[in-house]
Structure formats: structure tokens, C-alpha cells
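Colleague: The structure is given below, and queries will be raised subsequently.
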Amino acid sequence: MNTSIVDVLIENIQTDLQLLQEVETKMEALKSEKSIIFERLKSSRKDMGVMLKYADETQQKKIETLGFDISEPQKSVNTIATVAFDIIMKVKDNQITNGDLYDAYVKYCKDKKEEAEKYSAFNIKCRSLFNTQKLLRKKGTDPKSTREDIISLNGRILFKEEAIAKEKTETPEKENTPILTSKKTSEKPKEIPLPLDSKKKTATDKKQNNGKR
């Protein structure tokens, strides 16, 4: 009988150990899922810091219910990235070459009487916009330079070469008009028939001339 009780205890312990392992596995999965959700919220809050200025009054009220202080400036926002994003939002089709984007940033700094960063530093500061996929980049024609890269707002991508291709397909092709060339002929010009009166006069003249001879 003692052996039977021991066997039951062993079985219970084995079962509980198995259940404990399953619970710990679930807890690890939940911790991992919690971490993913937390990072996603963190990223969304950063995005909201950039997009906050574009929110209307109704949207601002909803944002306040999420714990944002509308009146408090977002200190964590990258100033250069914000300026670059504003430029993209204002240009036609929300796309521009990287060189033109930098030139627009330099002009902005001059208007604000601020010192502009160099081109390389500007690109480094704007990386966060691409890492968060707010902006998209397509390599330009020059593989050694980034100035010709096409920078566009995510969700509104219409590259220049695609627009040109579309324009070509919509433009009707001009019909090829055949060029007429004059044919050279070796034929003799046809004699123009004389009127009947002229024929009679010619015959009379010939008779008169023969009579004189």
C-alpha cells in the first residue's frame, strides 16, 4: 500500500511539473508579446509627435484622451527630420529628389537665419523617417550619389520614370505619312494632237510649198 501512495505522489509531481513548464512557456510567450506591443506603442507615440501639428481640433481631443499633452512641445522630435517631413508634405505629389530636399532645407535655415547642417549630417538626421517608413527612397540614376534618389511619402509613390511611361502610353503615336517620290521615266512626251483646222492648214501649206518648187 505504501508503494501505491508513493506512485501516486510521483505521478502528481510529474503532472504538476509538466503543468508548471506549460505555464512558464505561456508566460514567456506573453512577455514576448507584451514587449512587442510596448515597442509598437513607443514607435506610434514618436510618430504622433511628428504628426501632431497636422491634427485638426477633433483629432487633438482624441489624442489628449490617449495621454498626450497638446500644449507641451515634443522635445524628442528631431528638428531636421521634422523640417524634411514638412517639405515632403508640401511638394507636388509628395516626392522630391534628395538633392532638392537638402536644398529646400538649406533655404529654410537661411529664412530662419539658422546654420544648416552639411549634406552628410542632414542625411543621418533624416534616417529615422526611413526607419519608421514615413518616407521611402528609390535609388536614382547615379549609383555613386544619393542626390538623385527619389524621396517620397509612404503611400503616395509615383516615380518620375513611371509618370513619363504613363504619359507616353496616353499620347497617341503620330501616323507615319509616306513620302511621295517622283518617278523618273524614260518615256518620250506624248504628242499633243492638233485641232482639225490646224491639220488642214498644214496640209495646204505643204501643197503650196511643193508647187512653188
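Colleague: Among K53/K107; K61/K92; K113/K134; K92/K125; K107/K138; K53/K90, which pairs are too far apart, with a Cα-Cα distance over 19 Å?
Modeller: On the way: K53/K107 21 Å; K61/K92 30 Å; K113/K134 28 Å; K92/K125 23 Å; K107/K138 24 Å; K53/K90 14 Å.
Checking Cα-Cα distances, K53/K107; K61/K92; K113/K134; K92/K125; K107/K138 exceed 19 Å.
Colleague: How would you rank 81-90, 20-29, highest first, on the average number of other Cβ atoms within 10 Å across their residues? Don't jump to the answer; show the numbers that get you there.
Modeller: Working: 81-90: 18.2, 20-29: 10.0.
Top of the packing list down: 81-90, 20-29.
Colleague: Quick one: which residues, 5+ away or cross-chain, put their amide H under 5 Å from the amide H of T97? H built at 1.01 Å from N.
Modeller: The answer is I151.
Colleague: What residues qualify as long-range amide H neighbours of C126, i.e. H under 5 Å apart, gap of 5 or more or another chain, H built at 1.01 Å from N?
Modeller: HN-HN under 5 Å from C126: empty list.
Colleague: So between K113 and T15, what do we pick up on full extension, going 0.36 nm a residue minus the alpha carbon distance?
Modeller: Here the answer is 27.9 nm.
Each value in this text was obtained by applying a stated rule to the coordinates, not by laboratory testing. Bear in mind that the values here come from a model prediction, so they are computed numbers and not experimental data. Heads up, the Cβs are rebuilt from the backbone with ideal geometry, glycines too, and the neighbour counts pull from every protein chain shown.
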